[in-house]
Amino acid sequence: MTRLFLLRYSVKRKIAEIALLALGVTFEYLSRSCAALKKEIDGWEEGRVFALSVLPDGPAISLKKEGGAIRYLGRGLKQPNLTFYFKNIDSALMVFVGMMGAHTASVQHRTIVHGDIGTAMEALRAMNVVQTYLMPGFVLKSTFKRPPKLSIGELLLKAWVMLRLVPGLIAAASR
Amino acid sequence: MSNDLFEFFCPVKVISGLQALANLPHEMDQLGAHRALIVTDKGVVGAGLIKHVEAAFEGAGCEIGRIFDETPPDSSNVVVNQVAALYRESKCDCIVAVGGGSCIDTAKGVNIVITEETDDLMKFRGAERLKKQMRPMFVVPTTAGTGSEVTLVAVISNVQAGVKMAFTSDRLYPNVAILDPRMTLTMPPKITAATGMDALTHACEAYYCLQKNPISDSLAITAIKLTLANLATCVENGSNERARLSMAEASLIAGMAFSNSMVGIVHAIAHATGGVCHVPHGIANAILLPFGMEYNLGKSAGVIAELAPYFCGRDIPGSDEDRARAVIQAVRDLGAKLNKLSGMPLRLRDAGVPEDKLADIAKVAVNDGATVYNPEEVTFDEALGVLRRAY
Ligand SMILES: NC(=O)c1ccc[n+]([C@@H]2O[C@H](COP(=O)([O-])OP(=O)(O)OC[C@H]3O[C@@H](n4cnc5c(N)ncnc54)[C@H](O)[C@@H]3O)[C@@H](O)[C@H]2O)c1
Ligand SMILES: [Fe+2]
């Protein structure tokens, strides 16, 4: 895994871009089809925009609560109320490839939050739900404080999420 | 290896001991400051403590530009803006906080407003957003608990938006912390007990929560030893200067530890209990600490067990869980002793928390940043469970 860090910056950046895109489109999809995520975002005010970004200058994505669900706004920072920053591309990759959980990245000072901490906690919980559907079980076991147990229905949804990921990415790449 | 990556930072000069306060003007001069704005509160003034500060300026080349003594228990953006206006009006060039965590956090907020030339603190919420060099800031703590004199944190409520704004930044560390035994002598027994338990909670949570590192560990252990040796004495015999100074040092050292390792579920629920029911921070921590430690036994029994020699006076035989439980029992015994000596409550019901507010508190607690650092996951149901047990 540590060979990952030997890659050139441009390659690492590409991987981070794709991982963020995957997170964005999956978040959007699950916000309409996954009960656990719906419950998490239910209390969010309409219009809330949050973003993930890698310092110093991206890549980044922005997401918005709109019509009761989450909309992927595309790349870049679109006037977010809340932004999670990775301090560098290596730290971002550790989380994106499943070497490290999001909470561990915070604990190790690899990320910082700009904005309200309560809002950040809500976003973190929601992102954990999304990660549950994007990452294989063995990764979740090593990166979550308490690995989630999925029901049959949820496992089927996870399979469906995986299947539609590539076409979803292609469609979203232009947004 | 304790963790894959850790950071440790504490740029605060510490001056501790007999007549330490007399050094304040010299320290100001060292930083090119000569006219101080004092931020304090009515309780501190009423206890006669500002007289000591004024005496320190006699014959010194520095002066007090203004004294603001209306700091409320929880600092707000309104107060911070008001104090910043006084600072400018009185042409001060540094800030001296004389008080407990409320005065210190207010002073930190004032420093942000002045340095960033803003009246809108909302823009700076979150981590590492303050980039400018702050005005010189000096802290003379009059409680021994928050450790805010050596932390990078300030919490200030926004009255209009009805939210608590948290700021963390390496720029928020004060320049100098002065511990003078005279300054905590007047603290009433119950406040002494509660603030001391805040310090113990910082040390314990710093020791077993996820951002622990070898440096914060050693500080946490020292703070635990000092607290266990001196807190009850301070509550019983408030005029014992030696014990008072040791507690002030315990609080500062615990502050250094937790500023670099953060805190966990106990603080998450204590912050929420303070927010929803206005229970003083130290009291909430004192009540919740044993329950929070128990909650983490599954993941952290081994780490908590390492504290047994300090809490129990000797290492005790048995499994990690047995030893960790002995530590928790020692925390309970200390609480019971302080309760007897000062009336410090040990149950939420005795701290004025209505039972029907527990769910509201749990809801706020799961959104507290401290839960990230807690070893065990914290869900709403589980936070509510801890609250019920502590009720
Ligand atoms: N920034 C941080 O790192 C940090 C950490 C923990 C807590 N806090 C904050 O600190 C605040 C609590 O601070 P605190 O526990 O020190 O209490 P406090 O500052 O609110 O003081 C409590 C009371 O004690 C009185 N008092 C203080 N010193 C006295 C003395 N020597 N003699 C007589 N009376 C005295 C005060 O007038 C006040 O009425 C909370 O707002 C909490 O959020 C901040
Ligand atoms: Fe505290």
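Here are a few things to note about the model shown:
- Condition check for B:HIS281: of a type outside the set (Ser, Thr, Tyr), within 14 Å of chain A (Cβ to nearest Cβ), within 16 Å of ligand 2 (Cβ to nearest atom) and closer than 30 Å to B:ARG182 by Cβ: no
- B:ILE361 being free of Cβ contacts under 8 Å to residues at least 60 places away in the same chain and either surrounded by 18 or more Cβ atoms within 10 Å (Cβ to Cβ) or of a type in the set (Ser, Thr, Tyr) (or both): no
- Taken as a whole, the stretch B:136-149 holds at least one residue that is assigned to a strand (DSSP E or B), surrounded by 24 or more Cβ atoms within 10 Å (Cβ to Cβ), over 15 Å from the mean Cα position of the chain (by Cα) and more than 9 Å from ligand 1 (Cβ to nearest atom).
- Residue count for the stretch A:31-80, restricted to those that are surrounded by 16 or more Cβ atoms within 10 Å (Cβ to Cβ) and closer than 20 Å to A:SER106 by Cα: 11.
- The condition of being within 13 Å of ligand 2 (Cβ to nearest atom) and either in contact (Cβ under 8 Å) with a residue 40 or more places away in the chain or over 27 Å from A:ARG110 (Cα atoms) (or both) holds for only one of B:SER239, B:SER251, that being B:SER251.
- Here the condition is being among the aliphatic types (A, V, I, L, M) and farther than 23 Å from B:ILE283 by Cβ; of B:ILE191, B:ILE178, it holds for B:ILE178 alone.
- Single match in B:LEU185, B:LEU121 (criterion: near ligand 1 (Cβ under 9 Å from one of its atoms), of a type outside the set (Ser, Thr, Tyr) and surrounded by fewer than 24 Cβ atoms within 10 Å (Cβ to Cβ)): B:LEU185
- Taking the numbered list (1) within 14 Å of chain A (Cβ to nearest Cβ); (2) within 16 Å of ligand 1 (Cβ to nearest atom); (3) more than 21 Å from B:GLY255 (Cα to Cα) in turn, B:SER300 passes all entries but (2).
- Residue that is closer than 30 Å to B:ALA286 by Cα, in the same structural domain as B:HIS34 (by TED's automatic domain parsing), touching a Lys or Arg at 6+ places or on another chain (Cβ under 9 Å) and not in a loop (DSSP other than H, G, I, E, B), where the choices are B:ALA154, B:ALA107: B:ALA154
- Every residue from the stretch B:205-225 that is among the aliphatic types (A, V, I, L, M) and surrounded by fewer than 24 Cβ atoms within 10 Å (Cβ to Cβ): B:LEU210, B:ILE215, B:ILE221
- For the stretch B:235-281, filtering for residues that are basic (Lys, Arg) and either surrounded by fewer than 24 Cβ atoms within 10 Å (Cβ to Cβ) or not assigned by TED's automatic domain parsing to the domain that holds B:LEU334 (or both) leaves 1.
- Helices (runs of 4 or more DSSP H) completely within the stretch A:65-153 that count 1 or more residues being at the interface with chain B (Cβ under 10 Å from one of its Cβ atoms) and of a type outside the set (D, E, K, R): A:89-96, A:102-107, A:117-134
- Residue in the stretch B:191-203 that is nearest to the other protein chains (Cβ to nearest Cβ), counting only those that are more than 11 Å from ligand 2 (Cβ to nearest atom) and under 13 Å from B:GLY335 (Cβ atoms): B:GLY196
- Search result, residues across the stretch A:83-101 that are surrounded by fewer than 20 Cβ atoms within 10 Å (Cβ to Cβ) and among the aliphatic types (A, V, I, L, M): A:VAL97, A:MET99
- Meets criteria (without any contact (Cβ under 8 Å) to a residue 60 or more places away in the chain, within 15 Å of ligand 2 (Cβ to nearest atom) and more than 27 Å from B:GLY343 (Cβ to Cβ)) for B:ALA220: yes
- Every residue from the stretch B:341-358 that is in contact (Cβ under 8 Å) with a residue 12 or more places away in the chain and part of a helix (DSSP H, G or I): B:LEU341, B:SER342, B:LEU348, B:ARG349, B:ALA351, B:GLU355, B:LYS357, B:LEU358
- Residue-level analysis places B:PHE167 outside the set of residues that are under 29 Å from A:PRO56 (Cα atoms), free of Cβ contacts under 8 Å to residues at least 60 places away in the same chain, assigned by TED's automatic domain parsing to the domain that holds B:VAL45 and away from ligand 2 (no atom under 16 Å from the Cβ).
- Helices (runs of 4 or more DSSP H) (entirely within the stretch B:220-320) containing at least 1 residues that are within 30 Å of B:GLU128 (Cα to Cα) and touching a helix residue (DSSP H, G or I) at 6+ places or on another chain (Cβ under 9 Å): B:241-261, B:265-277, B:281-295, B:297-305
- Residue match in the stretch B:331-340 (condition: assigned to a loop (DSSP other than H, G, I, E, B) and crowded, with 20+ Cβ neighbours inside 10 Å): no
- B:MET165 part of a strand (DSSP E or B) and more than 10 Å from ligand 1 (Cβ to nearest atom): yes
- B:VAL98 free of Cβ contacts under 8 Å to residues at least 60 places away in the same chain and crowded, with 17+ Cβ neighbours inside 10 Å: no
- When B:GLU128 is tested against (1) surrounded by 20 or more Cβ atoms within 10 Å (Cβ to Cβ); (2) on the phi > 0 side of the Ramachandran plot, exactly one condition is not met: (1).
The values are calculated or read from the model by the stated rules, or taken from the named source; none is laboratory data. Keep in mind the model is a prediction, meaning the values are calculated, not measured. Heads up, the Cβs are rebuilt from the backbone with ideal geometry, glycines too, and the neighbour counts pull from every protein chain shown.
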